[in-house]
Amino acid sequence: MSILGIDYGLKRIGIACTDELNISSYPLIQIENKNDKSHFNEILEVISERPIDLVLIGIPFKDDGKLKIQDDIEEFSEELSKLIDIKILHWDENFTTDEAEDFLIKNKVSRKKRKNLKDKLAACNIINSYLRSLS
């Protein structure tokens, strides 16, 4: 079983995947979140290239009520579920992007390169959080 992780953002969408044994995750791509919804084609292409049994979509869970981004993520999930026959699960993504950003800063990655890496690393963090919950 392979897991695809998605870090959905209003500007960019980070995509990561697990290895075949679900031991670790690795970043795949970061795509622009386009108003014309063509980003779904890129996601479908990624899914078609590997056996995916579960799609994890990060969502910020808050105790103090819903955030605007939660509505956008739920709409994105609904659209994706119409396009694929794979189980979709929402997973807590709190701090995953911040953790990715901190990791990149500590490793002295330039600001320009961080912009192109942090969302797909956040998707890895979403997967890793899920995998830790299984053990």
Any hit, the range 39-48, residues being surrounded by 17 or more Cβ atoms within 10 Å (Cβ to Cβ), under 19 Å from D71 (Cβ atoms) and of a type outside the set (F, W, Y): yes
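Quick check on the range 81-135: of everything there that is of a type in the set (G, A, S) and either touching a residue at least 12 places away in the same chain (Cβ under 8 Å) or not in a helix (DSSP H, G or I) (or both), which residue is surrounded by the fewest Cβ atoms within 10 Å (Cβ to Cβ)? Full working, then the answer.
Initially, the range 81-135 is screened for residues of a type in the set (G, A, S), giving 81, 100, 110, 122-123, 129, 133, 135.
So of that shortlist, the ones also either touching a residue at least 12 places away in the same chain (Cβ under 8 Å) or not in a helix (DSSP H, G or I) (or both) come out as 100, 110, 122-123, 129, 135.
Working: A100: 23, S110: 8, A122: 29, A123: 33, S129: 20, S135: 4.
For the range 81-135, the residue satisfying everything is S135.
Where residues in the range 92-135 are of a type in the set (S, T, Y) and at pLDDT below 80, which of them is farthest from S25 (Cα to Cα)?
My answer is T97.
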Given the options N41, N22, name the one that is polar (S, T, N, Q), outside any helix (DSSP H, G or I) and either more than 18 Å from A100 (Cβ to Cβ) or touching a Gly at 6+ places or on another chain (Cβ under 8 Å) (or both). N22
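Within the range 18-38, take every residue that is surrounded by fewer than 18 Cβ atoms within 10 Å (Cβ to Cβ) and among the hydroxyl-bearing types (S, T, Y) and give me the one that is farthest from L131 (Cα to Cα). Walk me through it before giving the result.
Residues of the range 18-38 surrounded by fewer than 18 Cβ atoms within 10 Å (Cβ to Cβ): 19-24, 26, 29, 32-38.
Then keep just the ones that are among the hydroxyl-bearing types (S, T, Y); that gives 24, 26, 38.
Values: S24: 8, Y26: 13, S38: 30 Å.
Restricting to residues being surrounded by fewer than 18 Cβ atoms within 10 Å (Cβ to Cβ) and among the hydroxyl-bearing types (S, T, Y), the top hit is S38.
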Filtered residues of the range 50-80 (kept if in a loop (DSSP other than H, G, I, E, B) and modelled with pLDDT under 90): P60, F61, K62, D63, D64, G65, K66, L67
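Look through I43, I15, I3, I47 and report the one residue that is within 19 Å of S129 (Cα to Cα), out of contact with any Lys or Arg (no Cβ under 8 Å at 6 or more places or on another chain) and either of a type in the set (V, I, T) or modelled with pLDDT under 95 (or both). Steps first, please.
Working: I43 fails: within 19 Å of S129 (Cα to Cα); I15 fails: out of contact with any Lys or Arg (no Cβ under 8 Å at 6 or more places or on another chain); I47 fails: within 19 Å of S129 (Cα to Cα).
Just one listed residue meets the conditions, I3.
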Please list, ordered by first then second residue, the pairs with beta carbon atoms under 6 Å, 6 or more apart or interchain, first in the range 4-33 and free of Cβ contacts under 8 Å to residues at least 24 places away in the same chain, second surrounded by 18 or more Cβ atoms within 10 Å (Cβ to Cβ) and among the β-branched types (V, I, T). I31/I13
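The values are calculated or read from the model by the stated rules, or taken from the named source; none is laboratory data. Note that the structure is a prediction, hence the values are computed from the model and not measured. Note that we place each Cβ from the backbone using ideal geometry, even for glycine, and neighbour counts take in every protein chain shown.
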